[in-house]
1. Which strands (runs of 3 or more DSSP E) sit wholly inside segment B:100-159 and have at least 3 residues that are at pLDDT 95 or above?
2. Of all residues in segment A:340-355 being more than 11 Å from the ligand (Cβ to nearest atom) and open to solvent by less than 10 Å² (accessible area, probe 1.4 Å), which is farthest from the chain's Cα centre (by Cα)?
3. Assuming A:Leu451 fulfils every condition listed in (1) part of a loop (DSSP other than H, G, I, E, B); (2) crowded, with 24+ Cβ neighbours inside 10 Å apart from one, which condition is it?
4. Please enumerate the residues belonging to segment B:168-194 that are within 13 Å of A:Val27 (Cα to Cα) and touching a residue at least 40 places away in the same chain (Cβ under 8 Å).
5. When you look at A:Phe140, is it touching a Pro at 6+ places or on another chain (Cβ under 7 Å), farther than 30 Å from A:Glu49 by Cβ and either more than 10 Å from chain B (Cβ to nearest Cβ) or polar (S, T, N, Q) (or both), yes or no?
6. Looking only at residues in segment B:20-36 that are buried (at least 20 other Cβ atoms within 10 Å of the Cβ) and more than 7 Å from chain A (Cβ to nearest Cβ), which one is nearest to A:Gly294 (Cα to Cα)?
7. Six or more apart or on different chains, Cβ atoms under 6 Å: show the pairs whose first residue is in segment A:405-416 and away from chain B (no Cβ under 14 Å) and whose second is among the β-branched types (Val, Ile, Thr) and in a loop (DSSP other than H, G, I, E, B).
8. Failed condition for A:Gly234, given (1) part of a helix (DSSP H, G or I); (2) within 21 Å of the chain's Cα centre (by Cα), with all others met?
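The values are calculated or read from the model by the stated rules, or taken from the named source; none is laboratory data. Every value quoted in this text rests on a predicted model; they were computed, and no experiment measured them. With ideal geometry, Cβ positions are generated from the backbone for all residues, glycine too; neighbour counts draw on all protein chains shown. For accessibility, only protein heavy atoms count, side chains too; no ligands or nucleic acids. Shrake-Rupley method; radii C 1.70, N 1.55, O 1.52, S 1.80 Å.
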Amino acid sequence: MSSNPLTLFEKIWHSHIVTQEPKSPAVLYIDLHLVHEVTSPQAFTGLRERGLKVRRPTHTLATMDHSIPTTPLSIPMADTQAAAQLQQLAENCEEFDIELYGMDSPMRGIVHVIGPELGRTQPGMTIVCGDSHTSTHGAFGALAFGIGTSEVEHVLASQCLLQHQPKTFQVNLSGKLGIGVSAKDIILALIAQIGIGGGTGHVFEYTGEAIRGLTMEERMTICNMSIEGGARAGMVAPDDTTFEYLAGREHSPKGIEWDKAIKSWKKLSTDGEAIYDQSITLDASSLEPMITFGTNPSMGLQITGRIPNPNNYSDPDKRHNLEDSLTYMELQPGQPLLGHPVDVVFIGSCTNGRISDLRLAAKVLEGRRVAENIRMLVVPGSQSVKIQAESEGLDQVFTEAGAEWREAGCSMCIAMNGDQVEPGQYAVSTSNRNFEGRQGKGARTFLASPLTAAATAVRGAISDVREMI
Amino acid sequence: MAKFTHLKSKVIVIPNRNIDTDQIIPARFLKVTDKNGLGEALFSDWRYNSDGSVKPDFVLNQQQNQDAKIILAGDNFGCGSSREHAPWALTAWGINAVISTSFADIFRNNALKNALLPIVVNKDIHQSLFELVAQSPDSELSINLASQTLTIPRSTAVTFPIDSFAKNCLLTGVDQLGYILSHESLIEAYESTC
Ligand code: SF4
């Protein structure tokens, strides 16, 4: 062991290198591999073609989330292609002996929601999934990142991945959040500042008073969108908040193993003298609720702000891109977003589909009605979240207000399962991507927090939740 | 693994910055369990009208571009979703190299595993390439991986960076999974210490 001061990232990285030859990437050991239906079928085909097995089925966990319907599962699936893909995952898991939280599992859900819920996500682990939002799991002080399908095959077969060491990027969040401002606003503000390529080649480590004050679910919201700032991973050093979250979960260590685990997890913080390749500080107390106006997550502004004018950009590429975005969104430079009418409100996704998100939204909706012009969809991130919400009566709050209450899944975040925004419609969504067509062909997305989404649902137009709480 | 040594081709220009993988291949085409048909879905929402008819103005639909193998794109190509369907769709359509000033990390990794070369050039070269193709759309660029050079007509050749391991894999067709598995005994040793 080296006595050099190390960052949290470096500690995990170094302890997972199986070998590294000169001029070659490291062979990095992977502790947990999460699998879903969309990015895995071709990887399993690859294994079959080579006659390989899954090296460590116990380090592998599968679920169905992307293309699964959120209508009651008693209704037969109309989309035969999606049904075939789900069926294929079930067959692959059966053949290769992988634990699957399938269609009828009460613990099924979005892969990045169930990993933590089950206690499978733990500090110090390396975690991968054929999904870019794997960065979510970094909230536990794990090194977690998305991979492509070829790499899914590599990990299935070898439990290892070829990786070059990324650089480190400290995101220091000072101060405390104001009322009506949430974790989602922090990450949208960060991305608006650094741009969607700002973290390319880096791993974020979120530090500072504001991060320490956040719950695990809030930290997950922030780490989740690290990829939207270009970083493959985002991490938070584990602390008592982390340990409290993990205590007693199904796959968390128990008894003496738990004590041992805590002891080693407590070492997972950046040493005082360690150096990051880059650093940025954001003052959380100065943040306001954020909302995006364009077609990538960095095109965001304070909810009270006005849309920028392309003519103010000297770089012609930047100008054209903003112009194209505003054309797609049918928005005008200088226009405020407050009061802009909306057609759909979506609450859910691996960013904001956890129980605390639903509680916040329900608080705004309680005793109020969803405006006539709005279709509001509330989709729990997992069946466990759904069950918990129902036990608290949140489903009642939503349905009485006029929202649709669904089964768990990715749903309108990616619009693969039939839940989609229609062409030309505007949606305020708690998900993570506002790319053209992401929520349905021609759909126009404003990304925001659950609080902002709920306030918008009530008023029928983009609203500042601080006027309502 | 598929090899890449050199390439000479005309260039398709898609100047947008931050072209994300949802544009390269929209999510509704990800329900496949194989790699078939992805070339037809490449840039689907930019290529086809909502009634399915072809948008004649979009570069991929123009007759003179049908045999082009290089895309010249704006900054930060391939951001967003990790879907390897994006390089699969690009190569299925016939693209073997993308030139930009930067690439998103996961896309770059995925591309290199599919013999799709992500070529990074600096801002000035990038700009001069846009100008070159605007002036003479039939200009052909030559890419040589071994020497890491991009040869531009009426200009000097420029070198581009590429990770040496990935380069070697592409030149010799080394299979990366085979490479990992050749360390089997070390993997076992690692596992026994955990
Ligand atoms: S909720 Fe959206 S972002 Fe998250 S895993 Fe599903 S599709 Fe991806």
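1. Here the list reads B:117-120, B:141-144, B:149-151.
2. Filtering segment A:340-355 down to residues more than 11 Å from the ligand (Cβ to nearest atom) leaves A:340-345, A:347, A:354-355.
Those left that are additionally open to solvent by less than 10 Å² (accessible area, probe 1.4 Å): A:342, A:344-345, A:347, A:354.
On the way: A:Val342: 24, A:Val344: 21, A:Val345: 18, A:Ile347: 13, A:Arg354: 11 Å.
Looking at the filtered set, the residue picked out is A:Val342.
3. Against the list (1) part of a loop (DSSP other than H, G, I, E, B); (2) crowded, with 24+ Cβ neighbours inside 10 Å, A:Leu451 comes up short only on (1).
4. Passing the criteria: only B:Gln176.
5. Values: touching a Pro at 6+ places or on another chain (Cβ under 7 Å): yes; farther than 30 Å from A:Glu49 by Cβ: yes; either more than 10 Å from chain B (Cβ to nearest Cβ) or polar (S, T, N, Q) (or both): yes.
So A:Phe140 fits the description; yes.
6. Checked segment B:20-36; the qualifying residue nearest to A:Gly294 (Cα to Cα) is B:Thr21.
7. Qualifying pairs under 6 Å: A:Arg406/A:Thr70; A:Arg406/A:Val379; A:Glu407/A:Thr70.
8. In the conditions (1) part of a helix (DSSP H, G or I); (2) within 21 Å of the chain's Cα centre (by Cα), A:Gly234 misses (1) alone.
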